[in-house]
1. Is it the case that D59 is closer than 26 Å to D142 by Cα and either assigned by TED's automatic domain parsing to the domain that holds A12 or in contact (Cβ under 8 Å) with a residue 60 or more places away in the chain (or both)?
2. Can you confirm whether Q6 is within 21 Å of A85 (Cα to Cα) and part of a helix (DSSP H, G or I)?
3. So which residues in the stretch 94-136 are surrounded by 13 or more Cβ atoms within 10 Å (Cβ to Cβ), modelled with pLDDT of 75 or more and assigned to a loop (DSSP other than H, G, I, E, B), if there are any at all?
4. Any residue in the stretch 2-20 that is under 24 Å from E96 (Cα atoms), modelled with pLDDT of 90 or more and among the small types (G, A, S)?
5. Could you grab me the full set of residues in the stretch 10-28 that are more than 20 Å from R78 (Cα to Cα) and either in a helix (DSSP H, G or I) or out of contact with any Leu (no Cβ under 9 Å at 6 or more places or on another chain) (or both)?
6. Regarding the stretch 29-44, can at least one residue be identified that is touching a Phe, Trp or Tyr at 6+ places or on another chain (Cβ under 8 Å), assigned to a helix (DSSP H, G or I), over 21 Å from D142 (Cβ atoms) and polar (S, T, N, Q)?
7. Please work out if N51 is outside any helix (DSSP H, G or I) and either touching a Cys at 6+ places or on another chain (Cβ under 7 Å) or exposed (fewer than 12 other Cβ atoms within 10 Å of the Cβ) (or both).
8. Name the residues in the stretch 67-88 that are over 16 Å from L18 (Cα atoms) and part of a loop (DSSP other than H, G, I, E, B), would you?
Amino acid sequence: AQLYGQSSAEAAARADELLAMVHLSEYRNRPASELSRGQKQRLGLARALVNRPRFLLLDEPASGMDPRSRIELRDQLRAVADNGAAVLVSSHILTELAEMVDDVVLMVDGRTKTPGASTTTWQVRLVGQPESQADTIALEDDDAAADYLAKLIAAGQRVAEFTRVSTGLEQAYLELHADRT
């Protein structure tokens, strides 16, 4: 079988490369109907990458995947983007998207909206401080969070908990849907 004008040898090599990338080499001779949902998702990614697309559109690509596969998917999509492809992902799992996106466009009432600059909310609790009295702060990004935590520690504060409460993407979504009842 030839893939997108490739010789049989090139097509076989590309198929082997992609099956290895998505950890499905051992299933190469099985019908897709025998694969789990997460395995089918990984196979779908491999199929989408066969011709090294410049634009990749994925709808809920992590659906049915276990945590390890989700992490690998994020890294694989980042590598595709780093190699010059535009990657567009549609998903309802905002925390997952927040870990892999450079830009965001949201759908609101059937129209696309670009959220404004967003921040991530963090909860900070010091040693001896009850959870109910923990501080909540908004920081621009992970670098700002790391700097803030380093300053607390340098000032002699004993930090018991430093937790991401919401991502900027979640906050942007909530702000765009503020009038929803």
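1. Working: closer than 26 Å to D142 by Cα: no; either assigned by TED's automatic domain parsing to the domain that holds A12 or in contact (Cβ under 8 Å) with a residue 60 or more places away in the chain (or both): yes.
Criteria not met by D59.
2. Details: within 21 Å of A85 (Cα to Cα): yes; part of a helix (DSSP H, G or I): no.
Taking the combined requirement at face value, the residue does not satisfy it.
3. Selection gives Q129, A134.
4. yes
5. Result: E10, A11, A12, A13, A15, D16, S25, E26, Y27.
6. yes
7. For N51, the condition - outside any helix (DSSP H, G or I) and either touching a Cys at 6+ places or on another chain (Cβ under 7 Å) or exposed (fewer than 12 other Cβ atoms within 10 Å of the Cβ) (or both) - is not met.
8. G84, A85
The values are calculated or read from the model by the stated rules, or taken from the named source; none is laboratory data. Only a predicted model underlies this, so the values are computations on that prediction, with no experimental measurement involved. As a convention, Cβ positions derive from the backbone with ideal geometry for all residues, glycine included, and neighbour counts pool all protein chains shown.
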